[in-house]
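Report on one structure; see the data block that follows.
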Number of protein chains: 2
Amino acid sequence: MKTPADSLSVEAVQQAATMLKCIGHPIRLQIIELLDKEGECNVTTIHESLGIEQAVASQHLNLMRDKGVLAGRRDGVNVYYRIVDARVTQVIECIHDHCQP
Amino acid sequence: MKTPADSLSVEAVQQAATMLKCIGHPIRLQIIELLDKEGECNVTTIHESLGIEQAVASQHLNLMRDKGVLAGRRDGVNVYYRIVDARVTQVIECIHDHCQP
DNA sequence: TTGACATATATGAATATCTCTATATATTGG
DNA sequence: CCAATATATAGAGATATTCATATATGTCAA
């Protein structure tokens with residue numbers, strides 16, 4: 001049985017919900033998948049890999065960066081994004097473990 | 001390094017995104033928390049515990065049931081909801097492990 | 001059957017999300 | 001500086017969410 005200590009605070013629930021909502025979108029989840037696999041990708045790689053418009057990729061990337069899920073690092077003309085929220089990595093691996101056929 | 005086998009199919013990504021979006025809402029995540037802790041709850045317990053309108057609780061519960069996250073069982077005048085998507089339980093426990101202060 | 005209680009649904013308004021097109025900004029090579 | 005490439009942003013239209021109010025439905029006891 002669970003104990004009261006297993007409950008998250010209201011703020012923790014809010015934060016967790018924000019993070020989950022952030023990755024709870026097909027395109028964004030695919031981006032997370034790609035970044036989890038590749039470690040780091042620039043915008044062009046992402047939008048070409050997923051077959052989506054560059055602007056759409058950029059918008060989703062900026063959204064996830066604003067929520068603290070991703071971070072971007074500019075290298076010359078490219079911006080490389082990576083996952084910075086460790087919870088996201090954990091959730092993704094959890095899903096890999098439990099969503100495979 | 002990851003292998004191609006670590007990637008989810010497009011359908012699996014869609015399914016996973018739907019599930020994550022489902023629990024990526026403060027009220028729904030709190031409901032999940034409660035059900036994970038208590039095992040089963042009726043609508044009144046949920047809406048009173050969370051301090052939300054009965055109709056709102058019912059709406060979120062029906063949404064999650066429609067997405068296959070929850071199931072309800074009627075016992076007389078009450079309907080008891082429980083988590084039926086094992087992935088959700090895993091993700092919640094994962095979040096507990098990584099979101100505590 | 002009627003009343004009381006629990007749950008579900010309809011509806012609408014406010015707000016948010018999503019994606020497209022077009023354009024702007026940034027960086028570098030020449 | 002200029003051209004080329006990469007990335008970001010603005011604006012708008014379509015769609016989806018969210019939550020409140022009101023009402024409907026279901027169950028049981030008397």
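What follows draws every value from the coordinates through simple rules; no lab data is involved. Treat the numbers as computed from the prediction; the structure is a model and nothing was measured. Every residue, glycine among them, receives a Cβ derived from its backbone with ideal geometry; neighbour counts consider all protein chains shown.
For the Cα trace of chain A, dividing Rg by the Kirkwood Rh returns an Rg/Rh value of 1.03.
Working out 0.36 nm times the residue gap between residue B:56 and residue B:10, then minus their Cα-Cα distance, what length gain in nm do you get to one decimal?
Working: separation 46, 0.36 × 46 = 16.56 nm, distance 3.23 nm.
Taking residue B:56 through residue B:10 to full extension adds about 13.3 nm, to one decimal.
Put a plus charge on the Cβ of each Lys and Arg, a minus charge on the Cβ of each Asp and Glu, and nothing anywhere else: the dipole of region A:51-101 about its Cα centre is then about 200 debye.
Using a 10 Å cut-off around each Cβ, can you sort A:27, A:32 from fewest to most neighbouring Cβ atoms? Intermediate values should be presented prior to the final figure.
Numbers: A:27 16, A:32 25.
Starting with the residue having the fewest Cβ neighbours, the order is A:27, A:32.
May I ask for the distance between the Cα centers of region B:58-99 and region A:31-74, given as a whole number of Å? Distance between centres, Cα-based: 31 Å.
Dipole of chain A computed with +1 at Lys/Arg Cβ and -1 at Asp/Glu Cβ about the Cα centre; of A:79, A:92, A:62, farthest Cα towards the positive end is A:62.
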